[in-house]
Amino acid sequence: MKNVYDLIRKMGVTSKYKGYCYVAEAINMEMATRHDSMKITKDIYPYLAKKFNSTPTNIEHDIRTVVNICWETNKKELDKIAGYTLIYKPTNSEFIDILAYYLSEKSF
């Protein structure tokens, strides 16, 4: 889990944002179920809401805040992690997928 938090911090997001933990958990879920089809709105948001005593809407908003911070403050690093130049800001699910894929490939 440390490598997940390290990557999120590298993107310019600290633990002062609620979405920090949510993104880390979502990345871990994505990496653990890489070959299964997980839906962000049906699987990830409700799970995180229950785990963190929140609502799926708040989880979605807080993750979106993290995506916006990364996009606005560290786009070059996000492009590097994605492996290509991003033309538009990624959605929450795209962002989680990009980071999860990067971490899973980096570990090999």
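When the chain is modelled as a GNM with alpha-carbon springs shorter than 10 Å, which of Leu78, Leu86, Leu48 fluctuates the most?
Leu86
Taking Cα pairs under 8 Å and at least six residues apart, what relative contact order does region 28-106 come out at, in percent?
Result for region 28-106 is 31 percent.
Please give me the summed charge of the neighbours of Glu72: other residues whose Cβ is under 15 Å from its Cβ, Lys and Arg +1, Asp and Glu -1.
Once positives and negatives cancel, what remains is +2.
Going toward the positive end of the dipole of region 1-59, with +1 on Lys and Arg Cβ and -1 on Asp and Glu Cβ, which of Ile40, Tyr20, Val4 do you reach last?
Tyr20
First compute the accessible area of region 1-80 with a 1.4 Å probe, then give the percent of it belonging to carbon and sulfur atoms.
After summing per-atom areas, the C and S share lands at 51 percent.
Once you put a point 7 Å from the Cα of Ser104 and another 7 Å from the Cα of Ser54, both along the Cβ direction, what distance in nm separates them?
Using points 7 Å along Cα→Cβ, the separation is 2.3 nm.
Please find the FRET efficiency linking Ser37 to Ile87, where r is the Cβ-Cβ separation and R0 is fixed at 25 Å, and quote it to the nearest 0.05. Don't jump to the answer; show the numbers that get you there.
Numbers: r = 26 Å, r/R0 = 1.02.
The computed FRET efficiency comes out at 0.45.
What is the dipole size for the chain, taken about its Cα centre, with +1 at each Lys and Arg Cβ and -1 at each Asp and Glu Cβ, in debye to the nearest 20?
So the dipole magnitude of the chain works out to roughly 260 debye.
Given Lys42/Lys75; Lys18/Lys50; Lys10/Lys39, which pairs have Cα atoms separated by over 21 Å?
Among Lys42/Lys75; Lys18/Lys50; Lys10/Lys39, the Cα-Cα distance tops 21 Å for Lys42/Lys75; Lys10/Lys39.
The values are calculated or read from the model by the stated rules, or taken from the named source; none is laboratory data. All values derive from a computational prediction rather than experimental measurement. Ideal geometry is used to build each Cβ from the backbone, glycine not excepted, and the neighbour counts take in all protein chains shown. Note: areas computed on protein heavy atoms with side chains; ligands, DNA, RNA excluded. Shrake-Rupley method; radii C 1.70, N 1.55, O 1.52, S 1.80 Å.
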